[in-house]
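Worksheet: the structure to be examined is printed underneath.
The values are calculated or read from the model by the stated rules, or taken from the named source; none is laboratory data. Every value quoted in this text rests on a predicted model; they were computed, and no experiment measured them. Virtual Cβ from ideal backbone geometry, glycine too; neighbours counted across all protein chains shown. Only protein heavy atoms, including side chains, enter the accessible area calculation; ligands, DNA and RNA are left aside. Shrake-Rupley method; radii C 1.70, N 1.55, O 1.52, S 1.80 Å.
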Amino acid sequence: MKINSKIKKYLNLFENLSIQNLNNFDELIDDRIIFVDPFNKIKGKDNFKKLFKRTLTLLSNPKFKIIAVSCIKNIYFIKWKMEFNAFKKKQIITGLSEIKTNKHGLILEHIDYWDSFNQFYLKLPIFGKILKIFSNVVKKKI
């Protein structure tokens with residue numbers, strides 16, 4: 001499997017992401033990039049960089065690790081893990097990204113798929129406990 005050099009740089013950038021290197025995305029992403037995850041749907045290079053600047057500012061020490069990469073033509077599927085500190089302990093989110101490149105090899109779409117209910121909402125103090133109780137009640141009725 002041949003991986004586009006821009007994809008390699010893009011994934012490396014995520015594994016070493018910091019506020020200081022966000023402008024390195026400029027040479028790797030299309031001006032019209034679309035980014036979607038369970039919490040966001042944004043368009044455009046500037047909005048993309050603002051989103052990750054906000055993420056890096058809000059989360060304590062976030063680190064991405066690329067686990068596997070597969071591709072079909074210009075669509076890449078990336079399995080990843082993100083670790084960060086929140087709620088006084090280390091949190092781990094695992095997910096899958098679908099990344100589509102344009103004819104120049106620039107990233108045009110980046111869509112993240114991950115379980116926000118189990119990997120985020122249930123871990124929230126107080127709110128997570130309420131969701132667990134509600135979830136258990138629903139399971140019993142099914």
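Some values worked out for this structure:
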| read-out | value |
| --- | --- |
| Calculated FRET efficiency for the pair Lys8/Ser116, C-beta based, R₀ 22 Å, to 0.05 | 0.20 |
| Between region 77-118 and region 2-36, the alpha-carbon center distance in angstrom | 13 Å |
| Solvent exposure of region 1-111 as accessible area per residue, Å², 1.4 Å probe | 59 Å² |
| Linear extension gain, Ile72 paired with Lys41, 0.36 nm per residue minus alpha-carbon span | 8.8 nm |
| Sulfur and carbon atoms: percent of accessible area, region 37-108 [1.4 Å] | 55 percent |
| Length-normalised contact order of region 1-55 in % [C-alpha pairs under 8 Å, at least 6 apart] | 27 percent |
